[in-house]
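The values are calculated or read from the model by the stated rules, or taken from the named source; none is laboratory data. The structure displayed is predicted, hence computed values, not measured ones. Here Cβ is always computed from backbone atoms with ideal geometry, including for glycine, and neighbour counts include all displayed protein chains.
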Amino acid sequence: MGFGPLLIGYFITFIVTLGLGNYLFAGMLIGGFIMFLGLSELRKYAPTFLYAIIANILLVLCSFYETVAYIDDAFLLEWGLSEGAIANAFSFAEVVIYLIFNLTLLYGIADLSRRVEYPETRWKAFRNMSFVVVYNLCYIAINIPNSIFSSDRPFFLTLLMILQIIYALFNVALIFKCYAMICPEGEEEMTRKPSRFEFINKLREKQDEREQAAIESTKAYLEKKIEKRNQKKNSKHKKKK
């Protein structure tokens, strides 16, 4: 459906790249391309993913810029891309693009969850939006010149990185949840071809059990919600009488 490539691409872009150091641009480029494939597929089921696709394209363009800036810095070409006003402006633009991408991605997930009536993933998408906003507010606060955080900047930057990892992991978990729970109409009852490897079959069985438990939990939640709604209606009718 598209959540598989999106999961892999997001993990590479927002988790793996944290350990790549100066080669971060390579992870962004690879992860961004894989996410584009997943988002293009998801757009067939929820048009709101178009916003995330546009933001994803901007992310890929950022990775191209960082590639050129890395070449400039590594080979001392003096193009002025790796430092100065241009580099500062790009850093600010990159933060804004990251914010927009995550918010549009989560909005797309929330919209798709509404369409397929999965309130759990929809609620988690909105919850994760708040985490992303909090992270970016903290980023702005820490990077304000001569702020209260300037006294121990390395410490606060470390906390900021931890916060980034946390919200990224929450998003990875949400995408995986969607990958396990949401499938295109007509594919719900498709049988899966057994693998030649027994351990893979066992892993699939356990995954199927988790998915079934999640489906039953969601169904029970919806039934309980409808029951409460009916009880409220009945109580209002009784009061009127």
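Scanning the range 32-52 for residues that are under 13 Å from Tyr10 (Cβ atoms) and surrounded by fewer than 18 Cβ atoms within 10 Å (Cβ to Cβ) gives Phe33, Leu37. For the range 129-143, a residue qualifies if it is surrounded by fewer than 16 Cβ atoms within 10 Å (Cβ to Cβ) and of a type in the set (A, V, I, L, M), and the qualifying residues are Val133, Val134, Leu137, Ile140, Ala141. Residue under question is Phe156, and the condition is that it be at pLDDT below 85, within 22 Å of Leu99 (Cα to Cα) and in contact with a helix residue (DSSP H, G or I) (Cβ under 9 Å, 6 or more places away or on another chain); does it hold? Spelling it out, Phe156 is indeed at pLDDT below 85, within 22 Å of Leu99 (Cα to Cα) and in contact with a helix residue (DSSP H, G or I) (Cβ under 9 Å, 6 or more places away or on another chain).
If you go through the range 112-128 and pick out every residue that is assigned to a helix (DSSP H, G or I) and surrounded by 18 or more Cβ atoms within 10 Å (Cβ to Cβ), you end up with 7.
Is there a residue in the range 90-97 that is over 19 Å from Gly27 (Cα atoms), outside the structural domain of Ser217 (by TED's automatic domain parsing) and modelled with pLDDT under 85? Yes, the conditions are met somewhere in the range 90-97.
Each row is one residue, and each column tells you yes or no for (1) modelled with pLDDT of 90 or more; (2) closer than 27 Å to Leu37 by Cβ; (3) aliphatic (A, V, I, L, M).
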| residue | (1), (2), (3) |
| --- | --- |
| Ile86 | no, no, yes |
| Gly108 | yes, yes, no |
| Asp111 | yes, yes, no |
| Glu117 | no, yes, no |
| Phe131 | yes, yes, no |
| Ile142 | no, no, yes |
| Asn146 | no, no, no |
| Asp152 | no, no, no |
| Gln164 | no, yes, no |
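Considering (1) at pLDDT 85 or above; (2) loosely packed, with under 15 Cβ neighbours inside 10 Å, the lone condition that Lys177 does not fulfil carries the number (2).
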